[in-house]
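*Asks:* A single structure is presented below for examination.
Coordinate-derived values only; no laboratory data. Remember, it's a predicted structure, so these values are computed and weren't measured experimentally. Note that we place each Cβ from the backbone using ideal geometry, even for glycine, and neighbour counts take in every protein chain shown.
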Amino acid sequence: MTTLNPYIWAWMLLAILLLPFLVRIKAPYGRHQSRAWGPLMDNRLGWVVMELPALLVVPICFLLGEQNRNIVGYLILALWLLHYGHRTLIFPLRTRTRGKQIPIAVVAMAIVFNLVNGGFLGLQIGFAEPGYGLEWLSDPRCWMGVGLFLAGFWINWKSDDRLIHLRKPGETGYSIPYGGWFRWVSCPNHFGEIIEWVGFAMLTWSWAGLSFAVWTAANLIPRALDHHRWYQDKFAEYPKNRKAVIPFIL
Ligand code: NDP
């Protein structure tokens, strides 16, 4: 695994170098969807297709590798499957986006993102030596990581759920979300997702985990800033004290 580290560092550096560009480009899906990004496909199918590689790549590496066939390995795998089982197979079908589309280019980029990030994590869990021993269960980083991951998952899920129910079945418009973590930020779903992957990085205590958290923040902080500005432009009555993504800070 140490031989992989330089590639993970380079991949993580790429996220940091791309950040100035990502804050200038609106990711062209959902409310920012644009025809300028080429051919489109069905939004919900697009979500399933782009998240499926992540759902599959980590369990496949785990099954092929010989490391971590213990409770620590299964715990890490279970949290991964919880997140990506939901994101791939449940979230897209719950969204009220019937008839909406997503650029195939976005789907393709997300597939690359998921294969590389998921691949590094899969190699970490399935193959990295010396692996996690049972003593990792008594390390505070393990349980702080699990706690942060589950807290982030809950914030993300509850916030996406609140957004989804702003629309009646068949509607596709936008309104101002209130309540829950929306009291503090415009995009608590993105905030929750970032917390989740910070927790996962802590739980796995690995460059692969840190790289995933950095890429998630690099994707979602610019998107949340775009959403925040969009709400402020669209709704004169938008709450003035609400931040974009990190309560009281950003
Ligand atoms: P959004 O907040 O843009 O949208 C979430 C859902 O709610 C969509 O179905 C959207 O519809 C709907 N929605 C959002 N705001 C409103 C509103 N004001 N009124 C009515 N409906 C609304 O989230 P994203 O699409 O950016 O992401 C979806 C999930 O995927 C999130 O949980 C996010 O954290 C995660 N994600 C993770 C990434 C990572 O790098 N790990 C990258 C990208 C996303 P519509 O699509 O029509 O706008």
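*Asks:* For the range 149-172, give me each residue that is more than 7 Å from the ligand (Cβ to nearest atom) and under 19 Å from Lys234 (Cα atoms). Break it down into steps so the answer makes sense when it comes.
*Replies:* Step one: list which residues in the range 149-172 are more than 7 Å from the ligand (Cβ to nearest atom), which gives 149-155, 157-159, 161-162, 165, 168-171.
Of everything in the range 149-172, just one residue is more than 7 Å from the ligand (Cβ to nearest atom) and under 19 Å from Lys234 (Cα atoms), namely Glu171.
*Asks:* When you scan the range 95-110, do you find a residue that is under 20 Å from Glu196 (Cα atoms) and either of a type outside the set (Gly, Ala, Ser) or surrounded by 20 or more Cβ atoms within 10 Å (Cβ to Cβ) (or both), even just one?
*Replies:* Kept after step one, since they are under 20 Å from Glu196 (Cα atoms), are these residues of the range 95-110: 110.
From what's left, either of a type outside the set (Gly, Ala, Ser) or surrounded by 20 or more Cβ atoms within 10 Å (Cβ to Cβ) (or both): 110.
There is at least one residue in the range 95-110 that is under 20 Å from Glu196 (Cα atoms) and either of a type outside the set (Gly, Ala, Ser) or surrounded by 20 or more Cβ atoms within 10 Å (Cβ to Cβ) (or both).
*Asks:* Continuing with the same structure: Answer with yes or no whether Val185 is more than 10 Å from the ligand (Cβ to nearest atom), β-branched (Val, Ile, Thr) and over 20 Å from Lys243 (Cα atoms).
*Replies:* Numbers: more than 10 Å from the ligand (Cβ to nearest atom): yes; β-branched (Val, Ile, Thr): yes; over 20 Å from Lys243 (Cα atoms): no.
Spelling it out, it is not the case that Val185 is more than 10 Å from the ligand (Cβ to nearest atom), β-branched (Val, Ile, Thr) and over 20 Å from Lys243 (Cα atoms).
*Asks:* Considering (1) polar (S, T, N, Q); (2) more than 18 Å from Leu121 (Cα to Cα); (3) more than 9 Å from the ligand (Cβ to nearest atom), say which one Ser206 fails and leave the rest.
*Replies:* (2)
*Asks:* Of all helices (runs of 4 or more DSSP H) completely enclosed by the range 137-250, which ones contain at least 3 residues that are exposed (fewer than 14 other Cβ atoms within 10 Å of the Cβ)? Spell out the reasoning first.
*Replies:* On the way: elements: 140-164, 188-204, 207-234.
In the range 137-250, 140-164, 207-234 are the helices (runs of 4 or more DSSP H) which contain 3 or more residues that are exposed (fewer than 14 other Cβ atoms within 10 Å of the Cβ).
*Asks:* Here is a further query. Going by the structure shown, is Pro103 closer than 29 Å to Thr172 by Cα and in contact with a strand residue (DSSP E or B) (Cβ under 8 Å, 6 or more places away or on another chain)? Give the derivation first.
*Replies:* Details: closer than 29 Å to Thr172 by Cα: yes; in contact with a strand residue (DSSP E or B) (Cβ under 8 Å, 6 or more places away or on another chain): yes.
When the stated conditions are applied, Pro103 passes them.
*Asks:* Which members of the range 41-52 meet the condition of being within 13 Å of the ligand (Cβ to nearest atom) and touching a residue at least 60 places away in the same chain (Cβ under 8 Å)? Give the steps one after another, and end with the answer.
*Replies:* Step one: filter the range 41-52 for residues within 13 Å of the ligand (Cβ to nearest atom), giving 42-44, 46-48, 50-51.
Asp42, Gly46, Met50, Glu51, listed by residue number.
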